[in-house]
Amino acid sequence: MNSVAFIVIAILTLAAALAAATLQKLMHAALSFAVTFVGIAAFFFLLGAEFVGLVQVFVYIGAVAVLIVFTILLTRHDVEKERGFNWSGVVVAIAVFSGLISAIFKTQSVSVAAPAIPALTVKRIGEVLMTNYVWPLQCVGLLLTAALVGALILVLEEKG
């Protein structure tokens, strides 16, 4: 069952990623990009990494993909205009793919077993964030708040 689920998720995720890269209409490409994020989250759930899967759903699908869709809807006046095929993107993708494949084949396989680590739970992540990493967490929160206030100021200045 796990192999069948992996194959189905892999096919759907790759098809959505290919559609996001090749669709002519920008809105359709953005929605395919969101479907690709759903497939990646499904991989995390399949691997048993529920926390990372939920972060993928909340942050990337709930925030980034929705932000991309709303940005397209709010800024483009020619939504129905089709875009041409981007051959430079294909060249870059092939170069990155071949670089990754060559790095994989050059890597020696490791025969030493990894040490067993305790299960990482959401409770443990919360404890570590609120004890060892409280200052970096607060700095990131402050930075995101400043970015949000800056974006609101820019939007209000454009309308004024």
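Could you please find all residues in region 13-25 being crowded, with 17+ Cβ neighbours inside 10 Å and either polar (S, T, N, Q) or more than 15 Å from residue 90 (Cβ to Cβ) (or both)?
Filtering region 13-25 down to residues crowded, with 17+ Cβ neighbours inside 10 Å leaves 13, 16-17, 20, 23.
The answer is 13, 16.
Which helices (runs of 4 or more DSSP H) does region 45-160 wholly contain that include 3 or more residues that are modelled with pLDDT of 85 or more, within 30 Å of residue 3 (Cβ to Cβ) and not assigned by TED's automatic domain parsing to the domain that holds residue 5? Lay out the reasoning, then the answer.
Working: elements: 50-55, 66-75, 87-106, 122-131, 134-159.
Here the list reads 87-106.
Failed condition for residue 24, given (1) within 16 Å of residue 72 (Cβ to Cβ); (2) part of a helix (DSSP H, G or I), with all others met?
For residue 24, the exception is condition (2).
The values are calculated or read from the model by the stated rules, or taken from the named source; none is laboratory data. Note that this is a predicted model, so its numbers are computed, not measured. In this analysis, Cβ positions are derived from the backbone assuming ideal geometry, glycine residues included, and neighbour counts consider all displayed protein chains.
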